[in-house]
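Since the structure comes first, as structure tokens, the remarks are kept for the end.
The values are calculated or read from the model by the stated rules, or taken from the named source; none is laboratory data. All figures in this text were calculated on a predicted structure; none of them were measured in a lab. Every residue, glycine as well, gets a Cβ built from its backbone with ideal geometry; the counts of neighbours run over all protein chains shown.
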Amino acid sequence: MLSAVRFSRSGLFTGLLLGLSCITTLPALAASDSDPLTRSTLTGDWGGLRHQLNEDGIKFTGDYSGETAYNADGGLHRSARYSQNLKLGVQFDLSKLYGVDNAGKVQLTINDRRGNSASQDLVGNRLPIQENYGGLYTRLTELSYERSLFTPALNVKLGYMAMGNDLGGLDSGILCNFMNAGFCGHPLNMSGGSGWTNYPNAHLGVRVKYDLSPSWQLRVAAFNVDPESNGDSSRAWHLGPKHTTGTVVPIELVYKHAGELPGEYKVGYYYDNSDVQRIGSDDDVSGRGGHYLLVDQAVWRSPTSEGRSLHAFGQYSAASQAASPFSKWYGTGLVLYKPFEGRPHDTLALGYGRAVPNPRSRDVQQDAALANGAAFPNLDSAEQLIEFGYGYQATPWLTLRPNVQYIIEPGAFSGQDIDNALVMGLQVKASL
């Protein structure tokens, strides 16, 4: 089945991975004091070099994710698809490097994606079954500078980066206990209906965080909108804008509380001043925006087992009715941390999501079908997703996440009558 997976190859990609493999793996093999089953990263401490560099102000990071999905029933075809993401980064702590207080940090990140899409090839649905699929090439994903300004409460970051790294998602990371991109990351109608960009798509911008109190924080940003650069491999190493259409400005209020049952709450609004075509019309609409609410709340904590707790999450997002093909997203679910006494770092996750297509898009599809003399299917007008998964922490650096996804009405966005799909998946994550 996996023979159906096809990879594009290039000299740049092969050379880059070969070089990085040599750099990261060989020192690890020389580190006799590090047990590969207990160390925090796959490549270890590089014989002490990694720790020393970190102490000096140079921190290397890396992670790999591989996602295999098999369509067992419904959808378009019975088969499997595999996709992968490799991220390598280095952070320079300028205060440590130069002995200057509050000199800030520089972050450099390179990303590479390969593989094939189960959603496109096997199911025909809109919400990506593999969250790491998309933009299948090597690219620069961040070159930024960050520091506190005037007061420790004010933090500023600017440069080339993805908006979604700092806004629009839950900081707790609860949503990445799932493999479907409908949960893991950000409500997809943000990026589907505006200039909002999520990793690995990056643009020039600035982000400001201000701590109003220990529990409250305000986040504001401004990013260049250049839609033609998203997914364009010829722009993989170009920081500057080429086809700017405008600026997108998000503002986000964050509330976090600690205690016996901690929680995180976010409410946000964003506006993109680009002129875009109105759906179902030849006219342009000036500006498009949206709003969102995100919640992660602990609802139970074991009085006898340290670390065992149950969290509930919720997502709501609404986008521009005039220009977004995807008007609303609703998501909710539960994550149980430490489901078994002997598995302190495992998780059990169940989520439900509902993605609502814009009625304007549905009208355009129906008119096109009628014009061609074809019947338009009687759809419920929303793609729905149920995902159940178990996160098995095999080692401190390796997580295996078998999961089951049930896609209801996969053709809601394409206007096709496609049978509901049952997808079996496995996600592998490794810290390098």
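When the test is whether a residue is in contact with a His (Cβ under 9 Å, 6 or more places away or on another chain), surrounded by fewer than 19 Cβ atoms within 10 Å (Cβ to Cβ) and of a type in the set (A, V, I, L, M), Leu140 passes it. Against the criterion of being over 28 Å from Gln217 (Cβ atoms) and either part of a strand (DSSP E or B) or out of contact with any strand residue (DSSP E or B) (no Cβ under 7 Å at 6 or more places or on another chain) (or both), Leu158 does not qualify. Out of curiosity, is Val220 crowded, with 16+ Cβ neighbours inside 10 Å and of a type in the set (Val, Ile, Thr)? Here the answer is no, as Val220 does not meet what is asked. In region 386-420, which residues are more than 30 Å from Leu432 (Cα to Cα) and in contact (Cβ under 8 Å) with a residue 60 or more places away in the chain? Selection gives Ile407, Pro410, Gly411, Ala412, Phe413, Ser414, Gln416, Ile418, Asp419, Asn420. Restricting region 392-428 to residues that are in contact with a helix residue (DSSP H, G or I) (Cβ under 9 Å, 6 or more places away or on another chain) and within 18 Å of Gln84 (Cβ to Cβ), the residue that is surrounded by the most Cβ atoms within 10 Å (Cβ to Cβ) is Val423. Condition first: assigned to a loop (DSSP other than H, G, I, E, B) and under 19 Å from Gly287 (Cα atoms). Now tell me which residues in region 192-209 satisfy that. Listed by number, the residues that qualify are Gly193, Ser194, Gly195, Trp196, Thr197.
Restrict the check to region 218-225 and report whether at least one residue is basic (Lys, Arg) and out of contact with any Pro (no Cβ under 8 Å at 6 or more places or on another chain). Among the residues of region 218-225, not one is basic (Lys, Arg) and out of contact with any Pro (no Cβ under 8 Å at 6 or more places or on another chain), which makes the answer no. Just a yes or no: is a residue in region 259-282 at pLDDT below 90, within 19 Å of the chain's Cα centre (by Cα), farther than 30 Å from Val335 by Cβ and surrounded by 15 or more Cβ atoms within 10 Å (Cβ to Cβ)? No. The residue that is nearest to Thr399 (Cα to Cα), among those in region 54-100 that are surrounded by fewer than 18 Cβ atoms within 10 Å (Cβ to Cβ) and touching a Ser or Thr at 6+ places or on another chain (Cβ under 6 Å), is Asp63.
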